[in-house]
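The values are calculated or read from the model by the stated rules, or taken from the named source; none is laboratory data. The shown structure was predicted, so the numbers you read here are calculated from the model rather than taken from an experiment. Cβ: placed from backbone, ideal geometry, glycine included. Neighbour counts: every protein chain shown. Heavy atoms of the whole protein, side chains included, go into the accessibility calculation; ligands, DNA and RNA do not. Shrake-Rupley method; radii C 1.70, N 1.55, O 1.52, S 1.80 Å.
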Amino acid sequence: MTTLPDLDLIRTSIERIDEEILDALRRRMALADDVARAKLAAAAPFRDQRREDLLLRRIRTRAAEHGLDPHEVERIWRLFIDMSVARQHELVTRLDTTPLRVAYPGVEGSYSHLAARRRYGHRTGGVLLSGFDHAREAVEALRRGEQDLVLLPIENTTAGSMNETYDLLAEGGVVITAELVSQVDHRLLGLPGAKLEGLREVLSHPQALAQCETFLREKVPWARAVPDVDTGGAAQKVRERNDASVAAIASETAAQRFGLEVLAGDLQPAFDYTRFVEVGREPTPLSPGVPCKTSLLVVLEHKPGTLGEMLQRLTLRGVNLSKLESRPIPGQPWQYRFYLDVEGHAASAAVTAALDDIRPLTSSLRVLGTYARAEAPHA
């Protein structure tokens, strides 16, 4: 006579395994706290999409080897990952010192991310970096109080100004608190084994495409330049599309991040730098004697010679103008607002007097921020 399985014993065995699974999950979540602390110290984003993709790929393979449905197992592991990330964010609320929340446009491996990591990495108390698809989204998160600072690219020595950043500053609600100058070192990235002669598209941020225009025209004139919102995002798309005819202009870090190969270097002129501005909701005090800049937003009276008169009055007060940028005023055809960077503190005698002198020439004058002046790093 065949002995029937004892259902109670089977259920007891299942419950024992369930306890083992729960204990393993507890230990996995405890490690998430260590991961969070390491990421805060190194200024690394909490979501690492490439690592998550590699992990899920390995889990699918191992599930199939164990005779399990890889898709169902992947679904479970995605829940584990979400639990881990939530646990990492929850740790932030339990820390005695709240980490600084810094936003930047782009993904991990973009130049904005690299600049943020260089500026805030290993900060006492840690830093929580968050990448946004667009600069506007990052600034709006700052205005809502969801971020403490935003790091934005504002100009490049080869391709010129980033107009979106200037326009966001004009909308108000934020001030410039610092600047950072970072050297740009573009690489042409493709899938492993891709060749220059096989390329048909090159993706990147419009500024990066402009910086590398000579290389593209001379070395791969048959490839179409395709603008993308971000250099790191362009590299990610090359990986995702898995098409050897598509390449991206991005950093070498992005190549490592997304498993791409460097097809060419030296894409832009030597000594190519990008200037970033740190933006916050409130001004940051500066120590006495620190060389600084003041950024201004000015709308002049619409009269002939007003711009020249303003510049002359600055000169007479001994205020050095280091940058002048004009942008059209929406809804007012052929009228412009001017962005000025001048040397000195807004509260200094020379700058205060100069502002008093030029104010009668303006319909609007606003100080966008006073901050420590950054120097370009040595090549």
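Summary table below
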| read-out | value |
| --- | --- |
| Compactness index (Cα Rg / 2.2 N^0.38 Å), region 334-379 | 1.44 |
| Value of Rg to Rh for the chain (Rh from inverse mean 1/r over Cα pairs, i.e. Kirkwood) | 1.10 |
| Residue-count net charge about Val299 - beta-carbon cut-off 12 Å; Lys, Arg +1, Asp, Glu -1 | +3 |
| Chymotrypsin sites (Phe, Trp or Tyr not before Pro) within region 307-352, DSSP loop, no more than 10 other Cβ atoms inside 10 Å | Trp334 |
| Whole-number accessible area per residue in Å² for region 185-305, which is evaluated in the context of all protein chains at 1.4 Å | 47 Å² |
| Cut-off 12 Å between beta-carbons: net charge of the residues surrounding Ser364, Lys and Arg +1, Asp and Glu -1 | +2 |
| Largest-first ellipsoid semi-axes for region 122-167, taking √(5λ) over the Cα gyration tensor eigenvalues, angstrom | 23, 15, 8 |
| Test item: Cα-centred dipole of the chain, Lys/Arg +1 and Asp/Glu -1 on Cβ, debye | 520 debye |
| For Gly265, net neighbour charge (Lys/Arg +1, Asp/Glu -1) across residues whose Cβ lies under 14 Å away | -3 |
| With every protein chain in place, region 85-187: carbon and sulfur % of accessible area (1.4 Å) | 45 percent |
| Coarse-grained scattering of region 166-267 at q = 0.19 Å⁻¹, given as base-10 log I(q)/I(0) from a Debye sum over alpha-carbon atoms | -0.83 |
| Loop GluC sites (Glu not before Pro), region 272-379 (other Cβ atoms within 10 Å of the site Cβ: 12 or fewer; DSSP) | Glu301, Glu375 |
| Spatial separation of Cα centroids for region 73-147 and region 320-352, in angstrom | 33 Å |
| Calculated P(r) tail over 20 Å for region 89-231, as whole % of Cα pairs | 54 percent |
| Considering only the chain, percent of DSSP beta bridges that pair antiparallel, nearest 5 | 75 percent |
